[in-house]
Structures are given as structure tokens and as C-alpha cells.
Amino acid sequence: MSITERDLNHFGETNAAKDKLLEVRNLKTYYPIKGGFFRRTIGQVKAVDDISFEIKKGETLGLVGESGCGKSTAGRTILRLLNATSGQIIFDGKDITNVRGKELRQARKDFQMVFQDPYASLNPMQMIGDVISEPFKNFGYKNKKEIKEEVMNLLNRVGLPEDAYYKYAHEFSGGQRQRIGIARALALKPKLIVADEPVSALDVSVQSQVLNLLKELQSDFDLTYLFIAHNLSVVKHMSDRIGVMYLGNLVELADKNAIYDEPLHPYTQALISAIPEPDPKRKRERIVLTGDLPSPANPPTGCPFHTRCPVAKPECSEVKPTFKEVKPGHKVACLLY
Ligand SMILES: Nc1ncnc2c1ncn2[C@@H]1O[C@H](COP(=O)(O)OP(=O)(O)O)[C@@H](O)[C@H]1O
Ligand SMILES: [Mg+2]
């Protein structure tokens, strides 16, 4: 059978129409700071402070940045585990920012989270079979035999033996527990998975096995990933495009090769310069950032990075740069461009 021009056109059309799975517009998530005798709100931690991006169907978008820059908060807000302070989350063409009740439950079927610490997210008193059955039961699946079959399939699919069904979380290694977490996330065939540092807590020797599993599952289950990590090599391995966060802001977003080979933002340049380069001929100069990471409760005026930026100009402390496209598909928030 040959692919006709009509088929190709058909592909083109459907791809254009269904391109975007997730769109995040000007998203902010602030945590209140309570204080005083009456526990009044006396301030705000601006954990996510106006980020915008989109993820295409089947794509993996990596999100990197130092600890505390707001990656987890962003991921949790997108999955509606936290409420947005403002902005919009458009999932599969529907604004889910403020949906509640039944609508929220329905939306939740389509997105799942894989957590950093699989042990903390697994109930130690529950048999693994029950852990993975739970999503089915929560969504009204009744037939016990069918559920069990599905769970066995999932165990198999993530590389665990069938007798794992009858065991408890403490009987597994870290890597196996993460496989259990992944099986549970896959149960309802979600469209989007937010993987929040899914291998950071694992031994280096098993990290790549779990990453490879996530990659295999992506094509088998037609998954789209938001992949959060602070390790740039891990993100490079997994992502199609990469977004760099600093102090609640997205400072750069581009194709992964552009991020590694021609980073534009001084913060991204510093991050990339810190990756060990195995080829001595390509040795780069390491840019060491001075000063502490400012507090998101009291972020600097102007560009959030100006207090540590090696090339800051006087106006950087006054004008907040907009996040704009400076090359095709390459966005950066910096007054230099
Ligand atoms: N529940 C919370 N209450 C108040 N502040 C929080 C809470 N969770 C996180 N933060 C703060 O929000 C900022 C972003 O945190 P987080 O999203 O966990 O960053 P990351 O995942 O990039 O390490 C940090 O300054 C953190 O201390
Ligand atoms: Mg985090």
C-alpha cells in the first residue's frame, strides 16, 4: 500500500488542527505567607510568576532550573493540584483553570503526575495490586476481573513481575517503586504526564532504565510529557524542547539543541557552562554565578536575574524584559535581545 497525496494532506490537516495539547498563558501561582497572632496573610511567595508556553501532542517539554525556581509549583498548578493565582491553563482546547466538581474529575482522567519520591506517594499499607487498581475504581470501573487483568497488563508493561500485585511498597527497590508509580499514572490512559524529577531520587545505575521506560511508553501510549528536572543531561536525553526557569519566570525556551549549542539568556549560558564537557577540545569557560538566589517572596525589580547577571546593564534593574521570540522557535526574556 502506498501513501497517496490525499493521505498526506489529511495528515497535515489533522496535525495542524490538533497540534497543541496544553497551553499555559500568563500563569501565576502565589503561596500566601501567614503571620502574626491572627495568621493574617502578610506576604506572598511568588513561586510561579507569569509563565507562558505550550506543548504539542506527543512532544516532551523539559523544564529546568535551580531548586526553588517554581518547577514543581508550575507542574502541580497545571494538573490542578494547586489553584492558579491568575492566568489560564488550556488543556486539549478546553480552559480548565477554574473547572470544579464533575468537570474537574473528568479532566483529571487525562493528566497524571509521576512524582520524585515514589515511596512517599505509595501507601505502605496497600497491596500494589490495589494501588494500581485505585484509579479504575475511582472512575467507576466495576468489573473486578477486568480491573485485575488491566493491572496485570500494566505491571507487565512497566517491567514488573505479576507477583508484584500481591506485594507491598517496602518490598521493592527505588527503581521498581518508580515503575509502580508509572503504572498507576498510566492506568486511565492519560494524554499528559507531568514527570516531576522522576529519577532524581534513584541510584544513577537505574536512572537510565527508568528514563528509557518513560520513552518507550511515550510512543506506545501516545503520551505527551512535561518533564521536570534540575539535571541538564537528563533533560537533554528526554526532551524535544526545553524551558529554563529562574525565580518563577521562564527566561528561555527553545529546541533542545538550541538551548545546548546556542543558549541566549545569560542564566542559561551559566547553567550550560556548568555541565562537564567530555571533549577537551570543546572546553567552554565555566560561568560562575555570584550572589544568592533572591527570595521569591521579595523578588528583584526589573529582570529577576539582574542581581546575579554577569552582563547586566543599569536598565536591567528597572525594566522587566518581555518573553519574546528572537529567532524562529527560540524565546528569551532578556534586554540584550
Ligand atoms: N506550600 C508552600 N508554601 C509556601 N511556599 C512554598 C510552598 N511550596 C513551595 N514553596 C516555595 O515556592 C518556591 C518554588 O518552589 P517549588 O515549586 O517547589 O520549586 P522547584 O520545584 O523548582 O524546586 C520556593 O521558594 C518554595 O520554597
Ligand atoms: Mg520541585
Task: Simple spin-label estimate for Q106 and T301 in nanometres, 7 Å along Cα-Cβ - done: 4.8 nm
TODO: List, in the order given, every pair from K236/K324; K57/K109; K94/K215; K191/K215 whose Cα-Cα distance in the structure shown is over 18 Å.
DONE: K236/K324; K94/K215
Task: Three-way shape label, the range 245-299, alpha-carbon gyration tensor, a/c 1.5 - done: oblate
Open item on the list: Can you give the Rg/Rh ratio of the range 123-200, where Rg is from the C-alpha atoms and Rh is the Kirkwood radius?
Closed with: 0.94
Task: Amide H within-cut-off set for K57, under 5 Å, with H built and near neighbours excluded - done: K20, L21
Task: Distance from the range 46-74 to the range 118-148 (C-alpha centre basis), Å - done: 29 Å
- [ ] Report the normalised scattering of the range 122-263 as log10 I(q)/I(0) at q = 0.11, 0.16, 0.20 Å⁻¹, calculated by the Debye formula with identical scatterers on the alpha carbons.
- [x] -0.47, -0.88, -1.21
- [ ] Please list, in chain and number order, the residues 5+ apart from L250 or on another chain whose amide H is under 5 Å from its amide H, with Hs placed from the backbone.
- [x] S52
TODO: Could you list the residues of the range 237-267 with an amide nitrogen less than 19 Å from a label point located 7 Å from the Cα of T322 in the Cα-to-C-beta direction?
DONE: 249-254, 265
Open item on the list: Just to confirm the number: angle between the C-alpha axis of helix 174-186 and the first principal axis of the chain, 0 to 90 degrees, nearest 10?
Closed with: 80 degrees
Task: Efficiency of FRET between A274 and L336 - r from beta-carbon atoms, R0 22 angstrom, step 0.05 - done: 0.60
Open item on the list: Run through the range 231-337 and list the trypsin sites (Lys or Arg not before Pro) located in a DSSP loop whose Cβ has at most 14 other Cβ atoms within 10 Å.
Closed with: K283, R284, R286
Task: Karplus 3J(HN,Hα) series, Hz, for the range 311-324 with 6.51 cos²θ - 1.76 cosθ + 1.60 (x for Gly, Pro) - done: 10, 5, 10, x, 5, 5, 7, 10, 9, 7, x, 7, 8, 9
TODO: Can you tell me the relative contact order of the chain? Whole percent, Cα pairs under 8 Å, sequence separation 6 or more.
DONE: 19 percent
Open item on the list: Please list 3J(HN,Hα) in residue order for the range 207-217, calculated via the Karplus relation 6.51 cos²θ - 1.76 cosθ + 1.60 where θ = phi - 60°; whole Hz, with x for glycine and proline.
Closed with: 4, 5, 5, 5, 4, 5, 4, 4, 5, 4, 5
Task: Interatomic Cα distance distribution for the range 14-71, bins of 5 angstrom, percent - done: 4, 14, 16, 18, 14, 11, 9, 6, 4, 3, 1, 0
Task: Spin-label model distance (nm) - E149 vs R25, 7 Å beyond Cα toward Cβ - done: 4.4 nm
- [ ] Report the charge-dipole magnitude of the range 223-285 in Debye, nearest 20, computed about the Cα centre from +1 at each Lys and Arg Cβ and -1 at each Asp and Glu Cβ.
- [x] 140 debye
Task: Cross-link reach list, lysines versus K145, counting only Cα pairs under 20 Å and skipping chain neighbours closer than eight places - done: K137, K167, K189
Task: the chain: antiparallel DSSP beta bridges as a percent of all, rounded to 5 - done: 65 percent
TODO: Would you work out what percent of the accessible area of the range 217-274, with all protein chains in place, is carbon or sulfur (probe 1.4 Å)?
DONE: 43 percent
TODO: Please give, to one decimal in nm, the separation of the simple spin-label points placed at S86 and S233, each 7 Å out from Cα toward the Cβ.
DONE: 4.2 nm
Open item on the list: Multiplying the sequence separation of K142 and F38 by 0.36 nm and subtracting their Cα-Cα distance, what value in nm do you get?
Closed with: 32.7 nm
TODO: May I ask you to list the aspartates and glutamates whose Cα is less than 14 Å away from that of K56, ignoring any residue fewer than eight positions away on the same chain?
DONE: D19, E23, D92, D222, D240, D255
Open item on the list: Can you divide the C-alpha Rg of the range 271-317 by 2.2 N^0.38 Å and report the result to two decimal places?
Closed with: 1.49
Task: Antiparallel content of DSSP bridges confined to the range 176-271, in %, to 5 - done: 55 percent
TODO: Find the Cα radius of gyration of the chain, compare it with 2.2 N^0.38 Å by division, and give the number to two decimals.
DONE: 1.07
Task: Segments 44-54, 213-223, 170-180, 269-279 sorted - mean Cβ within 10 Å per residue, highest first - done: 44-54, 170-180, 213-223, 269-279
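The values are calculated or read from the model by the stated rules, or taken from the named source; none is laboratory data. Just so it is clear, the structure is predicted and the values come from calculations on it, not from any experiment. Heads up, the Cβs are rebuilt from the backbone with ideal geometry, glycines too, and the neighbour counts pull from every protein chain shown. Areas reflect the complete protein model, heavy atoms only, side chains present, ligands, DNA and RNA absent. Shrake-Rupley method; radii C 1.70, N 1.55, O 1.52, S 1.80 Å.
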